[in-house]
């Protein structure tokens, strides 16, 4: 055992392959503050271990990592502006330190890899997923933007046009589509996922895959000339203006951030991302959208518990009123 934390552990397998396994105590893996601290400690332990030649990152659960712990956001976002900026900067630097490990890394993705989970895969040099996987950056649905390096790494991996479409819509990608767009290096059957990841990692260690070049690409400025940049970002701004309108600042901030960071290296680009995230976190829109998300999760949770606790089968219902609400209730009752 190289490292054991509350949410993840690191073991040394054969041939210098280390396995970083996310396995939180709850039903899913999330990036709460404790998990971020565990990741930082695990990264340092890996860096200090001279026997490690490469790292496979995987999940012990049916989903990789579903994102950040949204329940922590209300308290974090209430902090003073400077403290919010400090928090997101320090958190994103944890992902930087993992990306900078002196050997190749690969993410073995199963189920959902969303938000911070997707950003964890982007911090790896390579990504292989099974056919159940879905990847995405849905932060826009909470009125914010990726804060752990997503706006920096994804455009450099799949191009600014594709990356902005991912981020400004918040829609996730199934494994086959993510592969076609360049966010994945391979897709395999679920039972072959770990073996495929280890095989690819061994090839990288042997020099058959140039992981140094992949890493350099992610930490360098975007490969866009002046005309290409103008076309790309003008199109993205027009799309966001048409689809999101002027009352949702998050997608507009994403486009502006990626555009301003296009000519910068990772350090400079991440400073812009940190600032954009901190600015959005203090908006009324983010507060409202996070509140709606948490309320929706609470209702779903209570509904599931009440359904399990029900002791009588419903054989007949009556609905008074046949308007939009009454009709919807009648329809749902009939379907369920």
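The values are calculated or read from the model by the stated rules, or taken from the named source; none is laboratory data. What you are looking at is a predicted structure, and each value in this text was computed from that prediction instead of being measured. Methodologically, a virtual Cβ is constructed for each residue, glycine included, from the backbone with ideal geometry; neighbour enumeration extends over all protein chains shown.
Looking across region 176-191, just one residue is buried (at least 24 other Cβ atoms within 10 Å of the Cβ) and in a helix (DSSP H, G or I), and that is 178. Exactly one residue out of 278, 261, 250, 288 is touching a residue at least 40 places away in the same chain (Cβ under 8 Å) and over 30 Å from residue 157 (Cα atoms), and it is 288. Comparison of 321, 303 shows that the only residue that is over 30 Å from residue 217 (Cα atoms), free of Cβ contacts under 8 Å to residues at least 12 places away in the same chain and in a helix (DSSP H, G or I) is 303.
Among the residues of region 114-123, none qualifies, meaning not one is surrounded by 24 or more Cβ atoms within 10 Å (Cβ to Cβ), touching a strand residue (DSSP E or B) at 6+ places or on another chain (Cβ under 8 Å) and in a strand (DSSP E or B).
Of all residues in region 215-232, none satisfies being part of a loop (DSSP other than H, G, I, E, B), touching a helix residue (DSSP H, G or I) at 6+ places or on another chain (Cβ under 9 Å) and more than 23 Å from residue 263 (Cα to Cα). Quick one: count up the residues across region 230-243 that are surrounded by 12 or more Cβ atoms within 10 Å (Cβ to Cβ) and without any contact (Cβ under 8 Å) to a residue 40 or more places away in the chain. So the answer is 5.
Residue count for region 44-75 under the criterion of being part of a helix (DSSP H, G or I), buried (at least 16 other Cβ atoms within 10 Å of the Cβ) and at pLDDT below 95: the result is 2.
Restricting attention to region 149-172, report how many residues are surrounded by 24 or more Cβ atoms within 10 Å (Cβ to Cβ) and either at positive phi or not in a helix (DSSP H, G or I) (or both). Here the count works out to 1. Restricting 294, 280 to those that are modelled with pLDDT under 95 and surrounded by 13 or more Cβ atoms within 10 Å (Cβ to Cβ) reduces the list to 294. Residue 9 - would you say it is in a loop (DSSP other than H, G, I, E, B), surrounded by fewer than 21 Cβ atoms within 10 Å (Cβ to Cβ) and at pLDDT 95 or above? Criteria not met by residue 9.
Can you find a residue that is touching a strand residue (DSSP E or B) at 6+ places or on another chain (Cβ under 6 Å), surrounded by fewer than 22 Cβ atoms within 10 Å (Cβ to Cβ), more than 28 Å from residue 207 (Cβ to Cβ) and without any contact (Cβ under 8 Å) to a residue 40 or more places away in the chain anywhere in region 78-87? Checked region 78-87: no residue is touching a strand residue (DSSP E or B) at 6+ places or on another chain (Cβ under 6 Å), surrounded by fewer than 22 Cβ atoms within 10 Å (Cβ to Cβ), more than 28 Å from residue 207 (Cβ to Cβ) and without any contact (Cβ under 8 Å) to a residue 40 or more places away in the chain. Being in contact with a strand residue (DSSP E or B) (Cβ under 7 Å, 6 or more places away or on another chain) and either in a helix (DSSP H, G or I) or surrounded by 19 or more Cβ atoms within 10 Å (Cβ to Cβ) (or both) is the requirement here; does residue 270 meet it? No, not satisfied.
The set of residues in region 124-148 that are over 20 Å from residue 294 (Cβ atoms) and surrounded by 24 or more Cβ atoms within 10 Å (Cβ to Cβ) comprises 124, 125, 127, 128, 129, 133, 135, 148. For residue 41, the conditions (1) surrounded by 18 or more Cβ atoms within 10 Å (Cβ to Cβ); (2) touching a strand residue (DSSP E or B) at 6+ places or on another chain (Cβ under 8 Å) all hold with the exception of (1). Residues considered: 33, 14. Of these, the only one that is exposed (fewer than 14 other Cβ atoms within 10 Å of the Cβ) and under 17 Å from the mean Cα position of the chain (by Cα) is 33. Of the residues making up region 134-143, one or more are part of a helix (DSSP H, G or I), in contact with a helix residue (DSSP H, G or I) (Cβ under 6 Å, 6 or more places away or on another chain) and under 23 Å from residue 90 (Cα atoms).
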